[in-house]
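These notes concern the structure reproduced below.
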Amino acid sequence: MNSKGLLPIGIFEPTDSSPLFFGKDLITHISSIRQSVHVIKKGINGPIGTALSGNIYPPQGNIKDSTYLLMGTLPPLYPEWLGDRSFLQSHKVRFPYIAGAMYHNITTTKIVIAMAKSGMMGFYGSAGLSPTAIEKAINEIQGAIGSSNLSWGSNLIHTPAEPGMEEEVVDLYLKKGVRRISASAFMSLTPSIVRYSANGLQMDTSGNIHRKNYVFAKISRPEIASLFMSPAPKKILDLLVSQNKISKSESELAAKIPIAEDITVEADSGGHTDNRPLISLLPTILMLRDELAAQYGYTKPLRVGAAGGISTPSSVAAAFALGAAYVLTGTINQSTIEAGVSAKAKEMLALANIANIAMAPAGDMFELGVKVQVLKRGTLFSSRASQLYQIYSNYDSIESIPPAIKSKLEKNLFRAPLQDIWEDTRNYFLKRSPKEVTKAEKNPKHLMALVFRWYLGNAGNWAIDGEPSRIMDYQIQCGPSMGAFNAWTAGSFLAKPENRKVVTIALNLLEGAAVVTRAQQFRSYGVAVPELAFNFRPKIIY
């Protein structure tokens, strides 16, 4: 039905100001998201516009061309309401927004504390850190938050090469009362993640199951999402009971609910990524969610959030329009003043555009050929890391590498004889995972992989520490969202890294998403919304 066929619901009489119908003036009404807005039509055949205030009367028989017809009223639209209400209630937060965990303390305790105090959530970037360092960070967060009921969490990264490390971190989280974890890079379920989820499960007198711990599973594939949205496998639960790591009661309750009721769909992003577009991946996971919820008869909602590419008001609005319960940002938070990377790395990030990225071998899964997405502009890391993987694929040991190639590696990448690099690597793993040394001394190809991983691991540390002699080797995990963010903030106060506070960015993205959502609401009513309405500009928000 066209607009001429729509029936008015009343007659509108302006009071403070006249209705607006065309041009940039409409943006004033679009940005007034916390006020009710009336959709007005001027006469039977006139244009459709908007008004903020006025008197409303029942429809009358004689309608003149100058009569304002009320076609509808839009209630206030708050950024707090963009996501799933159960997310806010379950996690006791004000906004459906998370600052994601970036490894090696890039998502610092400062970020986590700032987000929690602002009614949002942050996950500490614990991946790659020792349990001692993680415990220190937990103590700092808990000390700053105190006994308040603010929500926060920490990362649990899957470490197939070091399962003992994963278990040790879970031990720490349970001991310290960390109630939320972001489970990342999982390719299968492990006893440690099941144990964390099942720990503390209880049933009340009404038969409702209550969680003590919440798993936020970061996924990019339906088969992995299915694992987390299903109850824990009986085999793993029985194993944990036999090891006295969970009780029989906890096992029985865990068999009735999903391992995670918060699933973070990670689209094209920095770091580990399958480069999936959000508009394809998120609807797929939402449909899978509905199928599994019906299959298992869940009584509580399974929430699906969106991550990857979340960096502008329009991308936030789009994620919520697709059905996301919450949004999670990652790459863009590296450029904030609270982030745990060097000033030089933040400067490089602030200059990136959407094409300045590349895929490179991942240090933690090097032998498997797994890749991470990194910043390409201003660094040679992606090409040098790819060269190392090519050499690893072509040769069976360091000794079999042709002398000319080996010499270039020692001169340009390692800046030391490979034998010296192996000694450093060996000493590291003797403390962290001695079995890796035993394996390497029996398998020359594995020894070569560990040596090459020395470069990959240190490249990330050089970017974090700001090592001036290694700028061309910086590994800065980064997705195209960084370029989109820079384009959006260009010419505004957020263009400068020294102004990029994590909460300021979050509030601007949410406010802007609400404005963009309002603009689309107007357009769906037939209002001639100007293009500028979809380009919310950053502003100071408290």
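Every number here is computed from the coordinates shown, using simple stated rules; none is lab data. Given the structure is predicted, the values throughout are model-derived calculations rather than measurements. Neighbour counts are summed over all protein chains in view; Cβ atoms, including those assigned to glycine, are modelled from backbone coordinates with ideal geometry.
In what order do MET365, MET120 fall by count of nearby beta-carbon atoms within 10 Å, going from fewest to most?
Numbers: MET365 19, MET120 25.
Ranked by crowding around the Cβ, least crowded first: MET365, MET120.
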Would you mind ranking MET203, MET348 by Cβ crowding within 10 Å, fewest neighbours first? MET203, MET348
Built amide H within the under 5 Å cut-off of GLY122, gap 5+: ALA99, ALA116, GLY153
Be a star and scan region 202-222 for residues whose amide nitrogen sits under 17 Å from the point 7 Å along the Cα-to-Cβ vector of LYS175. none
Take ASP204, ASP465 and order them by how many other Cβ atoms sit within 10 Å, fewest up front. ASP204, ASP465
Trypsin sites (Lys or Arg not before Pro), restricted to region 193-287: which are DSSP loop and have at most 16 other Cβ atoms within 10 Å? LYS212, LYS256
List the residues whose amide H sits under 5 Å from the amide H of THR273, counting only those 5 or more places along or on another chain, with H placed 1.01 Å from N in the peptide plane. GLN373
Greater than 21 Å apart at Cα, pairs in LYS371/LYS431; LYS212/LYS248; LYS175/LYS245; LYS110/LYS344: LYS371/LYS431
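Using a Förster distance of 41 angstrom, determine the FRET efficiency expected from the C-beta separation of LYS235 and LYS431, and round it to 0.05.
Numbers: r = 33 Å, r/R0 = 0.81.
It comes out at approximately 0.80.
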Mean separation of Cα pairs under 8 Å and 6+ residues apart, divided by the residue count of the chain: what relative contact order is that in percent? 15 percent
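Kindly provide the helix-only [θ] at 222 nm of the chain, computed as the sum of -39,500 (n - 2.57) over DSSP H runs of four or more divided by all residues, to the nearest 500 deg cm²/dmol?
Values: 19 runs with 217 residues, N = 542.
Calculated mean residue ellipticity at 222 nm is -12500 deg cm²/dmol.
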Need one word for region 124-218: rounded, prolate or oblate. Basis is the Cα gyration tensor (sqrt eigenvalues a ≥ b ≥ c); a/c below 1.5 gives rounded, then a/b vs b/c decides. oblate
Paramagnetic reach from ALA528 in region 40-68 [backbone N under 12 Å; point 7 Å along Cα→Cβ]: 46-49
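Going through the DSSP H helices of the chain, which span 18 Å or more along their own axis at the Cα atoms while scoring at least -1.0 as a mean Kyte-Doolittle hydropathy?
131-145, 163-176, 278-296, 381-394, 444-465, 502-524
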Would you list which lysines come within 18 Å of LYS406, measuring only between C-alpha atoms, while excluding same-chain residues fewer than 8 positions from it? LYS445
Just to verify a number: FRET efficiency for ARG85 and GLN60, C-beta to C-beta distance, R0 = 45 Å, to 0.05? 0.70
Tell me which aspartates and glutamates have Cα within less than 13 Å of LYS435's Cα, excluding those fewer than 8 residues away on the same chain? GLU162
Working out 0.36 nm times the residue gap between ILE9 and ALA255, then minus their Cα-Cα distance, what length gain in nm do you get to one decimal? 83.4 nm
Cβ-Cβ FRET estimate between HIS210 and LYS439, R0 fixed at 60 Å, reported to 0.05: 0.85
Per DSSP, the loop-located trypsin sites (Lys or Arg not before Pro) within region 482-524 having at most 11 other beta carbons within 10 Å are none
What residues have an amide H closer than 5 Å to that of LYS256, excluding those fewer than 5 places away on the same chain, when H is modeled at 1.01 Å from N in the peptide plane? none
What spacing in nm lies between the two simple spin-label points modelled at LYS408 and LYS501, each 7 Å away from Cα in the Cβ direction? 4.9 nm
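Rounded, prolate or oblate: which fits region 80-329, taking a ≥ b ≥ c as square roots of the Cα gyration tensor eigenvalues, rounded meaning a/c under 1.5, else prolate when a/b beats b/c?
Rounded.
Net charge near ILE138, counting Lys/Arg +1 and Asp/Glu -1 over other residues with Cβ under 13 Å of its Cβ? Present the calculation step by step, with values, prior to reporting the outcome.
Working: positive: LYS136, LYS175, LYS176, ARG179, ARG180; negative: GLU135, GLU140, ASP171.
That works out to +2.
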To make sure I understand the rule: partners must be lysines, Cα under 16 Å from the Cα of LYS539, and not fewer than 8 residues away in the same chain. Which ones qualify? LYS496, LYS501
May I ask for the net charge around ASP65, where only other residues with Cβ less than 13 Å from the Cβ of ASP65 are counted and Lys, Arg are +1 while Asp, Glu are -1? +3
